[in-house]
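Report on the following structure.
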Amino acid sequence: MPLAASREGGARGSPESEDLPFAFKSVPLAEGGNVLRRPFAALLFACALAACGGNSSSTPATQAGTSTQAEPGAAVLVTTDCGATVVTPKTPVEAGENAMRALDRVADIDTDSGGKFVTAIEGVEQDGEKLFWLYYVNGKPADKGAAEVKLEAGDVEWWDLHNWKKECASVPPDAQ
C-alpha cells in the first residue's frame, strides 16, 4: 500500500474526509509496538463512562447501614489575649487545606517573609517585640509553619495574639 493512501488527508494532505482511510485495526510503529486507532479509543471512552456509574440521580447511592452525611471539615478561630477577645469567630473551612490558606479564607491577613509569618489578622497587628500571632491545632502549639500544616477533618486551627514568652493557661472551648 502506498504511504499516501494510509495517511489522513490523502496524498497531497487535503482535508477531505473521503480521503481518510477507515481505522479498524492497529497500525505498527517503526519504533515497535502498535497504535490503536479510533474504534479502540471510543470503546475505552465508553468503558470509562460506564465505570463512572452513569447514575444521574442527585442522591448518592449507599449500602445498607451506611450514612450519606458529608465528612466534617476543619475550623478556624482567631482571638487575642489567650481567647479573651474574639477577632474572628470559629468558622468552618475545608479539610485538606494548609493552615495558612484556611486562615486567609476566613480573615484578612498580612504576612511577612514571603507569606510565612502572619503579622496582622483583621487589622490587629503584632508589635514585633512581645506580642506575636501564634497558632495552635486542636489546642496544642503547632510544631511547623502554617503553610506546612494540612488540616484534617475535625481539626480546629486557633490563632491568638499574646506574649510569646507566656503560654496560655487555658485553651478556649471553641479551640479544642
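The values are calculated or read from the model by the stated rules, or taken from the named source; none is laboratory data. Treat the numbers as computed from the prediction; the structure is a model and nothing was measured. Every residue, glycine as well, gets a Cβ built from its backbone with ideal geometry; the counts of neighbours run over all protein chains shown.
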(request) Go through 84, 120, 95 for me and flag whichever is assigned by TED's automatic domain parsing to the domain that holds residue 142, loosely packed, with under 12 Cβ neighbours inside 10 Å and either at positive phi or out of contact with any Lys or Arg (no Cβ under 7 Å at 6 or more places or on another chain) (or both). (result) 84
(message) With surrounded by 13 or more Cβ atoms within 10 Å (Cβ to Cβ) and farther than 15 Å from residue 85 by Cα as the only criterion, which of 163, 138 stands out?
(response) 138
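Scan 93, 86 and give me the residue that is under 30 Å from residue 150 (Cβ atoms), more than 18 Å from the chain's Cα centre (by Cα), hydrophobic (A, V, I, L, M, F, W, C) and modelled with pLDDT of 55 or more. Spell out the reasoning first.
Values: 93 fails: more than 18 Å from the chain's Cα centre (by Cα).
Step by step, each of 93, 86 is checked, and only 86 is under 30 Å from residue 150 (Cβ atoms), more than 18 Å from the chain's Cα centre (by Cα), hydrophobic (A, V, I, L, M, F, W, C) and modelled with pLDDT of 55 or more.
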(message) If I ask for residues that are at pLDDT 95 or above and basic (Lys, Arg), which ones from segment 131-169 would you list?
(response) 150
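Residues are listed down the side, and each one gets a yes or a no for (1) in a loop (DSSP other than H, G, I, E, B); (2) touching a residue at least 12 places away in the same chain (Cβ under 8 Å); (3) in contact with a strand residue (DSSP E or B) (Cβ under 6 Å, 6 or more places away or on another chain):
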{"residue": "129", "(1), (2), (3)": "yes, no, no"}
{"residue": "133", "(1), (2), (3)": "no, yes, yes"}
{"residue": "143", "(1), (2), (3)": "yes, no, no"}
{"residue": "152", "(1), (2), (3)": "yes, yes, no"}
{"residue": "159", "(1), (2), (3)": "no, yes, yes"}
{"residue": "165", "(1), (2), (3)": "yes, yes, no"}
{"residue": "168", "(1), (2), (3)": "yes, yes, no"}
(request) Just name the residue that is farthest from residue 163 (Cα to Cα) out of those in segment 118-127 that are touching a residue at least 24 places away in the same chain (Cβ under 8 Å) and not in a strand (DSSP E or B). (result) 122
(request) Report, by residue number, each residue of segment 71-117 that is touching a residue at least 24 places away in the same chain (Cβ under 8 Å), assigned to a loop (DSSP other than H, G, I, E, B) and small (Gly, Ala, Ser). (result) 73, 83, 95, 96, 107, 115
(request) Test residue 150 against the stated conditions and say whether it is surrounded by fewer than 13 Cβ atoms within 10 Å (Cβ to Cβ) and of a type outside the set (Ser, Thr, Tyr). (result) no
